[in-house]
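Report on the structure given below.
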Amino acid sequence: MHLKLQFHDSAAFAAPLLAVFAVDIATGDDATHSPALLTTSDPLAKAASPWLASGEFKATLGETLVLYSPAGAAAQRLLIIGLGRSASLTIHEVRKAAGVAVRFARSHALHDIAIAFPEDTALDDEHMDSLPSHLTARAIAEGAVVADFDIDFYRSDRKDQGIHNATVLHIEADKKSESEMQSGLDEGIIVGQSQNFVRSLVNEPGNILTPTELARRTAVMCSEVGVACEVFSTDKILELGMGAFAAVSQGSPQPPALIVLRYEPPTPPPPDAPVVGLVGKGITFDTGGISIKPAENMDKMKYDMAGAAAMIGAMRAIAQLKPAMRVLAVVCSCENMPDGMAFKPGDVLTAMSGKTIEIMNTDAEGRLVLADGLHYAKTLGATRLIDAATLTGAVSVALGQINAGLFSNNDETTQRFLDALPTSGEKFWRLPCTDDYRDQIKSQIADIMNTGGSRYGGSITAAMFLKEFVGDTPWIHLDIAGTAWLDDQKPWQSKGPSGIAVRSIIEWVRSFASPS
Ligand code: BES
Ligand code: ZN
Ligand code: ZN
């Protein structure tokens, strides 16, 4: 998709489809709907007005109405897209609605679209707060790019449904606002494309995306964006003493991949500046190992590397956004397979940190690879840590498929992450990770066990396990098991890999950048 911004009258712009946004300016619980277009273009307002007055379009979020050959407009079709109530409008609705425009065009085999930038000045101040133009442009780009992705890569009858040109139209503005919008759009393209890069990795089947292939694709991406990438395998993992990671990997003939990425800012930051370490769970297929999973839904376990993909995608965006700080990423990738050589329940492993772990269940493998990944990131110099992992089914029991779980040992770093969410539009909910839960992972014969003694609080005991390996370093753990895969499509996004966490991680990382 070639996405650009033009300062041009939207009614005069010729395109097969012009999308324009509408809000419902009604207030209160039982008021009748009162849709209004977010454009100052008189011809567009005039073309839409009888249909908005008819009551059949209510401007609810994602609702669409098409007008063919609209009088006074050069576009062949005018697609009116609802954003919901004006009083509660944020950039998230704009992001979704931009996605609706793209998915509508794709399903109608239209390859070129225009999107009218939402103009809050079309309404009186009392109806809505103004939308910041930089973030609005960014949200439009993110929504449009993320919507232009489907999962049918391996279908022989795959059609080219992609958008070739998407033009965001805004009436002429002053130079400062124009450059703010342009930089917002540019950032949104980087972030949206990075999210799609994550989704394309997560979508790959386990037979194709082995740990070696994940490392190869990561290295290709890194050479394109200018990030240093090193890939290691069994010898290095054993040499570093990563006994937990090595144990998970030993049941598969596929070699593991320890992937280390390093981003250096254009100007070296002061020596005491924070160094952020991103750590990802990269299990390219999780059978459960000797504690094997039931057959039902096991195919989904190809997405057990979504945490790793999120970190790799975040590095892709960071390399292009160039924040003034150092960032490194450690990805621990392997398969979890049952085999004569596989690790077993009852085994005792020694992690890189020296802690001993009694294995109660080989299906709790993610925390094992992360234990070594987190410790290794610290030895590489990370002073702030974040990990992302499809770690537990229990997180979906707790939070459903709407919020991902957030766990931390540090309130300040958590607050920074929560502050990034209004920009990223992603949902994370903090769950406890306090020492009251530590007894549940105590072992009789080793330092800790790899599962809690009971089923209760399964995502918390998993986080407690990880906490053993971060020490005092401020750390956040994101459990994305319930949110990394969408079972149903949305009007703005295909089903399948969601790309969750990448946008928030990017924002959180940028919050540590030295002031420029
Ligand atoms: N990869 C799974 C978690 C998972 C479940 C991800 C569903 C996505 C969807 C993880 O390795 C796992 O199997 N966890 C076990 C832990 C248990 C054995 C303590 C689980 O959640 O059942
Ligand atoms: Zn597992
Ligand atoms: Zn797993």
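A Förster radius of 22 Å, combined with the Cβ-Cβ distance separating Ala14 from Ala53, puts the computed FRET efficiency at roughly 0.20. Only helices enter the 222 nm calculation for the chain: every DSSP H run of n ≥ 4 contributes -39,500 (n - 2.57), and dividing by all residues gives -10500 deg cm²/dmol, rounded to 500.
By the gyration tensor of its Cα atoms, with a ≥ b ≥ c the square roots of the eigenvalues, what is the shape of the chain: rounded for a/c under 1.5, prolate for a/b over b/c, or oblate? The shape class here is prolate. Decide, for region 156-199, between rounded, prolate and oblate: order the square roots of the alpha carbon gyration tensor eigenvalues as a ≥ b ≥ c, take rounded if a/c falls under 1.5, and otherwise choose prolate if a/b is larger than b/c, else oblate. It comes out oblate by the Cα gyration axes.
Using only the Cα atoms of region 49-119, build the gyration tensor, take square roots of its eigenvalues as a ≥ b ≥ c, and label the shape rounded, prolate or oblate: rounded if a/c is under 1.5, else prolate if a/b is larger than b/c, else oblate. Here region 49-119 falls in the oblate category.
Ranked by the mean number of other Cβ atoms within 10 Å of their residues, highest first, the peptides 7-13, 381-387, 112-118 fall in the order 112-118, 381-387, 7-13.
Spin-label pair Thr27-Glu224: with each label point 7 Å from Cα along the Cα-Cβ axis, the two points sit 4.8 nm from one another. Report, to the nearest 10°, how far helix 306-321 tilts away from the longest principal axis of the Cα atoms in the chain, using its own Cα long axis and a range of 0 to 90°. That helix lies at roughly 60 degrees to the long axis. Loop-located chymotrypsin sites (Phe, Trp or Tyr not before Pro) across region 139-232 with a Cβ neighbour count of 10 or fewer within 10 Å are Tyr154, with loop assigned by DSSP. Across the chain, the mean sequence separation of Cα contacts (distance under 8 Å, 6 or more residues apart), normalised by length, yields a relative contact order of 14 percent.
Would you work out what percent of the accessible area of the chain, with all protein chains in place, is carbon or sulfur (probe 1.4 Å)? Carbon-and-sulfur percentage of accessible area, whole number: 51.
Given their separation in residues at 0.36 nm each and the Cα-Cα distance between them, Thr379 and Lys293 gain 27.5 nm when the chain is fully extended. Summary of the geometry: region 497-516 and region 115-189, compared by the centres of their Cα atoms, lie 20 Å apart. The residues of the chain present an accessible area of 39 Å² per residue when probed at 1.4 Å with all protein chains retained. Annotation: Ile91 carries an accessible surface of approximately 10 Å², with a 1.4 Å probe and no ligand, DNA or RNA atoms counted.
Between Leu83, Asn207, Pro474, the Cα set farthest toward the positive side of the dipole of the chain (charges on each charged residue's Cβ, about the Cα centre) is that of Asn207.
Mind checking region 416-516 for trypsin sites (Lys or Arg not before Pro) that DSSP puts in a loop (not H, G, I, E or B) and that have at most 12 other Cβ atoms within 10 Å? Those that pass, being in a loop and sparsely packed, are Arg455.
Peptides 173-180, 101-108, 55-62, 256-263 ranked from most to least packed, by the mean per-residue count of other Cβ atoms within 10 Å: 256-263, 101-108, 55-62, 173-180. Of the chymotrypsin sites (Phe, Trp or Tyr not before Pro) found in region 442-516, those that fall in a DSSP loop while having at most 15 other beta-carbon atoms within 10 Å are Tyr456.
The values are calculated or read from the model by the stated rules, or taken from the named source; none is laboratory data. Computed from a prediction, not measured in an experiment: that's the story for all the values here. Using ideal geometry, Cβ is built from the backbone for each residue, glycine included, and neighbour counts are taken over all protein chains shown. Side chains included, ligands, DNA and RNA excluded: accessible areas come from the protein's heavy atoms. Shrake-Rupley method; radii C 1.70, N 1.55, O 1.52, S 1.80 Å.
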